[in-house]
Amino acid sequence: DAGVIQSPRHEVTEMGQEVTLRCKPISGHNSLFWYRQTMMRGLELLIYFNNNVPIDDSGMPEDRFSAKMPNASFSTLKIQPSEPRDSAVYFCASSLKELAQDSDTQYFGPGTRLTVL
Amino acid sequence: AQSVAQPEDQVNVAEGNPLTVKCTYSVSGNPYLFWYVQYPNRGLQFLLKYITGDNLVKGSYGFEAEFNKSQTSFHLKKPSALVSDSALYFCAVRASRGGGKLIFGQGTELSVKP
């Protein structure tokens, strides 16, 4: 299995530009999570989907952030407009949530390092 | 509210010595507990988890963790540390009832010196 795939691995952009981060979860997984990691705030959950439906987006910082999951094999996290304080590593993770066993393990992608100048 | 505390920002151990990385948690109901490891410029890798049953859980790379309900702790251990174990370690918790949201600790930097 290829694991969780994220692209791009690195993104450098200027303040005000739109940024789109992409994630392909592990095939067969039905839950997908977006995290942000910074030195100051550690690892924060931004949003997660179950069966392509957003379940909890309480961690999304503000309206500049949006996430979609149009199908089971693809998700995007968009920042528009981007600001320097958005600079961080963004991780995508996926898991298989089974009704009989609600102890799903999350598997992480390699992350996208975003730098907003 | 759920929370996780990793009281040590950094743990230093000599190669060959036992290591312990501490984690305490707070959750309503029964906890599901996880340990992840992060190497530089990499994503988090799953090490082990406690769901139910035996309080001593064995995981990848020779690591194990002990669930202690009375002390609400889930410390990560390894009998003999390797230099290659040097990395950032995260403890995480979620309640057995509810959604898939994991709460992560701030992480502990483990440094193993030869």
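Would you work out which of A:M40, B:V21, A:P84 lies farthest towards the positive end of the dipole of the protein assembly as shown? Charges go on Cβ: Lys and Arg +1, Asp and Glu -1. Result: B:V21, furthest along the dipole toward the positive end.
If you build a Gaussian network model of chain A, linking Cα atoms that sit under 10 Å apart, which residue out of A:M40, A:M60, A:M69 swings the most? Between A:M40, A:M60, A:M69, it is A:M40 that shows the largest mean-square fluctuation. Note on chain B: semi-axes of the ellipsoid equivalent to its C-alpha gyration tensor, largest first and rounded to whole Å, are 24, 14, 12. Of the listed residues B:D9, A:D86, A:D57, the order by accessible area with a 1.4 Å probe, largest first, is B:D9, A:D57, A:D86.
Electrostatic tally near A:L114: other residues with Cβ closer than 15 Å to its Cβ, Lys and Arg +1, Asp and Glu -1, net +2. Taken about its Cα centre, the stretch A:1-64 carries a charge dipole of roughly 220 debye when the Cβ of each Lys and Arg holds +1 and the Cβ of each Asp and Glu holds -1. Dipole magnitude for the protein assembly as shown: about 200 debye, using +1 per Lys or Arg Cβ and -1 per Asp or Glu Cβ, origin at the Cα centre. For chain B, a crude dipole built from +1 on the beta carbon of Lys and Arg and -1 on the beta carbon of Asp and Glu, taken about the Cα centre, is about 380 debye to the nearest 20. For the pair the stretch A:1-68 / the stretch B:17-46, the C-alpha centres are spaced 21 Å from each other.
Between B:E15 and B:S70, the FRET efficiency estimated from the beta carbon spacing at R0 = 30 angstrom works out to 0.35. Label positions at A:N51 and B:V83, each projected 7 Å from the Cα along the C-beta direction, are separated by 5.1 nm.
The values are calculated or read from the model by the stated rules, or taken from the named source; none is laboratory data. If you're wondering where the values come from, they're calculated on a predicted model, not measured in any experiment. When we count neighbours, we look across all protein chains shown, and the Cβ atoms used for this are built from the backbone with ideal geometry, even at glycine. SASA here: full protein model, heavy atoms, side chains in, ligands and nucleic acids out. Shrake-Rupley method; radii C 1.70, N 1.55, O 1.52, S 1.80 Å.
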